Amino acid sequence: MNIHEYQAKELLRQYGVAVLGGKVASSPAEAETAARELGGEICVVKAQIHAGGRGAGHFADDPQGKGGVRLARSPEAARAAAEAMLGHVLVTKQTGAAGRVVRRVYVEAGCDIARELYLSLLIDRASARITIVASTEGGMEIEQVAAKTPAKILRAAIDPASGLSGFHARKLAFGLGLTGKQVGAFTKFVSGMYKAFTALDASIVEINPLVVTKAGEVVALDAKMGFDDSALFRHPEVEALRDPAEQDPKELEAAKYELNYIALDGSIGCMVNGAGLAMATMDIIKLYGGSPANFLDVGGGATTERVTAAFKIILSDPHVKGILVNIFGGIMRCDVIAEGVVTAAREVKLKVPLVVRLEGTNVEKGKEIMATSGLPIISADNLADAAEKVVTAVKEAA
């Protein structure tokens with residue numbers, strides 16, 4: 001689960017991480033009031049969406065205009081900036097061409113920036129440890145820095161038995177060229193980040209840029225936080241920060257039925273039991289010239305209700321031109337899948353090709369349910385046969 005910048009900064013503030021003063025606003029008037037209350041000669045108005053690259057992005061109705069991060073030298077300018085963002089679609093590299101509607105802005109106090117750095121905490125799967133990643137190239141996309149100048153990426157893996165120590169932060173600070181009191185400020189900053197990361201079961205905390213001010217302070221100019229969905233039951237205060245408007249409605253509906261669903265940009269909907277089999281199904285669809293429209297794992301103990309819901313979610317995607325159901329029944333019974341597919345197909349008045357491959361527990365009963373349903377269901381003998389049939393059917397129906 002991801003949260004907005006203003007929410008991330010408030011959480012980090014509670015753990016001693018240095019952030020600038022700021023206020024969230026959902027109207028131009030609130031933005032103007034926020035700027036007045038913050039005081040100072042300058043403030044920054046930032047569009048709040050779950051995507052990076054806001055400053056370099058553009059608004060759909062003004063492609064040549066300014067992006068989603070704007071300086072304001074007066075409360076009136078802050079109001080104008082908010083008015084230009086709120087209710088408008090911001091397009092960035094991470095949103096794709098569809099963009100995201102800006103529903104709130106964050107008005108933040110300005111600061112005197114001397115340097116911009118990069119800092120993040122994440123789970124390194126290779127070492128299975130929380131790892132600090134830092135770079136002198138703040139404000140840049142870290143993937144590009146890693147590809148073009150890998151020597152500028154500094155890392156420190158934290159042993160879970162001993163946890164974060166002061167030397168981890170100091171070593172990184174020296175590697176970043178920090179001196180004097182900047183080293184102590186950086187060490188305190190990293191310590192707060194680590195506490196927040198572990199206490200809240202975060203999956204990533206990214207500060208880009210991390211700025212060193214002319215006064216030698218180390219402050220988060222931006223903040224991104226993501227959380228382990230499986231641990232949210234321990235953190236109702238984090239769960240309460242979820243913004244449904246920033247999530248795909250299909251994914252929200254899937255969560256209600258404990259379905260693992262991720263929307264993709266293809267035309268062939270997939271319903272599979274088991275994450276590994278789902279990945280293999282998507283791969284073989286690509287192999288035969290098609291493109292998957294989603295990842296959907298119904299799990300090992302799905303009911304007819306859940307299967308019906310899964311089928312409806314797939315068909316709610318207007319880009320879906322065909323569906324492949326691939327079930328290997330172990331704990332999951334094939335007759336339950338068949339009943340769910342038939343029920344859903346009737347309710348939604350199926351109009352796209354449907355290919356079903358069933359194997360395992362109660363497979364014959366499942367095939368009988370589909371064969372006697374009166375629906376134009378295409379049966380497949382194996383995974384390759386299923387992929388070839390659904391790709392062909394979609395092309396013929398086009």
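The values are calculated or read from the model by the stated rules, or taken from the named source; none is laboratory data. Computed from a predicted model, the values in this text were never measured in an experiment. Glycine also receives a Cβ, built like all others from the backbone with ideal geometry; neighbour counts cover every protein chain displayed. These area figures cover heavy atoms from the full protein model, side chains too; ligands, DNA and RNA do not enter into them. Shrake-Rupley method; radii C 1.70, N 1.55, O 1.52, S 1.80 Å.
Comparison of Arg115, Arg79, Arg100, Arg129 shows that the only residue that is open to solvent by 60 Å² or more (accessible area, probe 1.4 Å), of a type outside the set (A, V, I, L, M, F, W, C) and farther than 30 Å from Glu32 by Cα is Arg129.
Within segment 103-143, track down each residue that is more than 29 Å from Val218 (Cα to Cα) and at pLDDT 95 or above. Of everything in segment 103-143, just one residue is more than 29 Å from Val218 (Cα to Cα) and at pLDDT 95 or above, namely Arg103. Screening the candidates Ser120, Ser162 for the property of being of a type in the set (Ser, Thr, Tyr) and out of contact with any strand residue (DSSP E or B) (no Cβ under 9 Å at 6 or more places or on another chain) yields one hit, Ser162.
Quick one: how many residues across segment 348-391 are assigned to a strand (DSSP E or B), among the hydrophobic types (A, V, I, L, M, F, W, C) and within 34 Å of the chain's Cα centre (by Cα)? Let's see the steps before the verdict.
Let us first name the residues in segment 348-391 that are assigned to a strand (DSSP E or B), namely 354-360, 377-379.
From what's left, among the hydrophobic types (A, V, I, L, M, F, W, C): 354-356, 358, 377-378.
With within 34 Å of the chain's Cα centre (by Cα) added as a condition, the list becomes 354-356, 358.
Selection size over segment 348-391: 4.
Can you say whether Gly226 is within 30 Å of Leu12 (Cα to Cα), modelled with pLDDT of 90 or more and not charged (D, E, K, R), as far as the supplied structure shows?
Details: within 30 Å of Leu12 (Cα to Cα): yes; modelled with pLDDT of 90 or more: yes; not charged (D, E, K, R): yes.
Yes.
Counting only helices (runs of 4 or more DSSP H) wholly contained in segment 158-265, no element carries 3 or more residues that are within 30 Å of Ser291 (Cβ to Cβ), open to solvent by 60 Å² or more (accessible area, probe 1.4 Å) and aliphatic (A, V, I, L, M). For segment 360-378, name all the residues that are open to solvent by 60 Å² or more (accessible area, probe 1.4 Å) and either within 18 Å of Asn273 (Cα to Cα) or charged (D, E, K, R) (or both). Hits for segment 360-378 are Asn362, Glu364, Lys365, Lys367, Glu368. When we screen Ala47, Ala8, Ala51 for residues that are within 13 Å of Ala220 (Cβ to Cβ) and open to solvent by less than 20 Å² (accessible area, probe 1.4 Å), the only hit is Ala8. Restricting segment 274-316 to residues that are open to solvent by 10 Å² or more (accessible area, probe 1.4 Å), at pLDDT 90 or above and in a loop (DSSP other than H, G, I, E, B), the residue that is farthest from Arg333 (Cα to Cα) is Gly289.
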